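Readers should treat all values here as calculations from the given coordinates under stated rules, not as data from a laboratory. Bear in mind that the values here come from a model prediction, so they are computed numbers and not experimental data. Every residue, glycine among them, receives a Cβ derived from its backbone with ideal geometry; neighbour counts consider all protein chains shown.
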Amino acid sequence: MAEYLYAASSHAVKELTDGGGQFNSAERLIEDLTGEQATLVLPGAPYAIAQIVAHMHYWQSYAIAEAQGTTPERPAHLIETFPDVSLEDWPTLRAAFLAGIEEIKRLADERSGTVSPARNDTTVGYELAENALHNAYHLGQIVLLRHLVGLWPPLGGDQNDW
């Protein structure tokens, strides 16, 4: 394998996307939320959980496209990546986001050691790991919002509660 300034293995990408170590998985954090719960915007909060998931899905789709050699157009304004999500659209968004995680893992298996089409000093694996870390940041926001509305722990309990 060539030397890259930034690289990550497919195992690292999978660990980060699956919520390994000290993280709950994205699936655990959003699977049990109803449309009403996911679209609720708390007083003082900038976004609902569904808007955060829509933002993560946008950038996850962007990372997938880049890993496949496509150069997606960046939005003019970041706020465009936090769209309103209706109660009815929540199940579809949740399923698409979770399917995207599986696609990230598949791409990591296939291409983690190859040069990133977006940056010649970086592997596809690193780009996918960056996306997983971006998701971890926003999943932390979702954990906080769940706590604030009394929806913690997720269904099945907190896997990190010892």
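Some points to look at:
- Residue list for segment 53-93, given a label point 7 angstrom along the Cα-to-Cβ vector of E36 and an amide N cut-off under 17 Å: 86-91
- Computed lengthening from E15 to D84, 0.36 nm per intervening residue step minus Cα-Cα distance: 21.8 nm
- The share of C-alpha pairs in segment 1-62 whose separation exceeds 14 Å stands at 70 percent.
- The calculated P(r) of the chain, using every Cα pair and 5 Å bins from 0, goes 2, 9, 18, 20, 19, 15, 10, 6, 2, 0, 0 in percent.
- The smallest convex shape that holds all Cα atoms of segment 17-102, its convex hull, gives 112 Å³ per residue.
- Per-residue ³J(HN,Hα) for segment 96-104, Karplus 6.51 cos²θ - 1.76 cosθ + 1.60, θ = phi - 60°, Hz, x for Gly and Pro: 5, 5, 5, 5, x, 4, 5, 5, 4
- Ranked S9, S116, criterion: other C-beta atoms within 10 Å, fewest first: S9, S116
- Computed over segment 10-148: relative contact order in percent, which uses C-alpha pairs under 8 Å that are six or more apart: 34 percent
- Here the Gaussian network model covers the chain, with springs between Cα atoms less than 10 Å apart; of Q60, Q22, Q37, Q22 fluctuates the most.
- Once the Cα-Cα distance is subtracted from the 0.36 nm per residue extended length, the S61 to E102 segment shows a gain of 13.6 nm.
- Counted over segment 83-162 with a bin width of 10 Å, the fraction of Cα pairs per bin, in whole percents, is 15, 33, 32, 17, 2.
- For segment 67-137, GluC sites (Glu not before Pro) meeting the loop criterion (DSSP other than H, G, I, E, B) and having at most 15 other Cβ atoms within 10 Å: E73, E88.
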